[in-house]
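Throughout, read-outs are computed from the coordinates displayed, never taken from laboratory work. Given the structure is predicted, the values throughout are model-derived calculations rather than measurements. With ideal geometry, Cβ positions are generated from the backbone for all residues, glycine too; neighbour counts draw on all protein chains shown.
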Amino acid sequence: MSILVRDAAEADVGGIARVHVQGWRESYKDFLRPEALEGLSVEERQRLWQDVFTQLDPRARLLVAETEDGEIVGFAHGGPIRRENAEPLGTETEIFAIYLLDRVKRQGIGLRLMRGVFDHLARHGFRSVGLWVLKDNLSARRFYEILGGQPGAEQSFDLRGQIVVEVAYQFEVGFSKDP
């Protein structure tokens, strides 16, 4: 299967929202209670992503992974760090989200998405990128470590009645390892 990684367009909002919800359900089914995953809404995520497009910072980048027939099967979004994450994350920029459908994982698409965002941030003069990942999500953590990410601070929060723990990962932009 040939996958194109490209800059997202506003017309992609529906596909991004669908992948966001399905990606949560597939990626977190072993870590989160079913109620937390059932409450996700594609319509709610469409509104969220529509808002992202209306406020898109030129220093940020939103990429999609698209099949030959135009189906969006993944995306990554990163940019200047949000204030609420600045101190514990300890970086200038952040990967806000990266999701792939299970059926396209382990084909190098996640690497292409991350590298695309990293390269964009480096071109804008940023030197560090961080992200948060569920502590129990060992496959995602291994992926980030292969890319050169270093684990750091932890934080916990209540997600619909379930306490979850996230680990910060930090990367040097332009110096990630080749897997």
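Quick look at the numbers
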read-out: Stretchable slack from Ser156 to Glu44, in nm (0.36 nm times residue separation minus alpha-carbon distance); value: 37.9 nm
read-out: Dimensionless Rg over Rh [the chain; C-alpha; Kirkwood]; value: 0.93
read-out: Two-site label geometry, Met1 and Val165: point separation in nm, points 7 Å out along Cα→Cβ; value: 3.4
read-out: Point-charge dipole on Cβ atoms (K/R +1, D/E -1) for region 3-130, about Cα centre, debye to 20; value: 420
read-out: Exposure proxy order (Cβ contacts within 10 Å, fewest to most) of Trp49, Trp132; value: Trp132, Trp49
read-out: Modelled FRET efficiency - R0 22 Å, Glu172 with Arg142, Cβ distances, 0.05 increments; value: 0.70
read-out: Length-normalised contact order of the chain in % [C-alpha pairs under 8 Å, at least 6 apart]; value: 21
read-out: Size of electric dipole in region 85-179: Cβ of Lys, Arg +1 and of Asp, Glu -1, about Cα centre, debye, nearest 20; value: 480
read-out: Relative packing of 90-97, 52-59, which averages over residues the other C-beta atoms within 10 Å, highest first; value: 90-97, 52-59
read-out: Net lengthening on full extension, Leu56/Ala9 (0.36 nm per residue, minus Cα-Cα); value: 15.8 nm
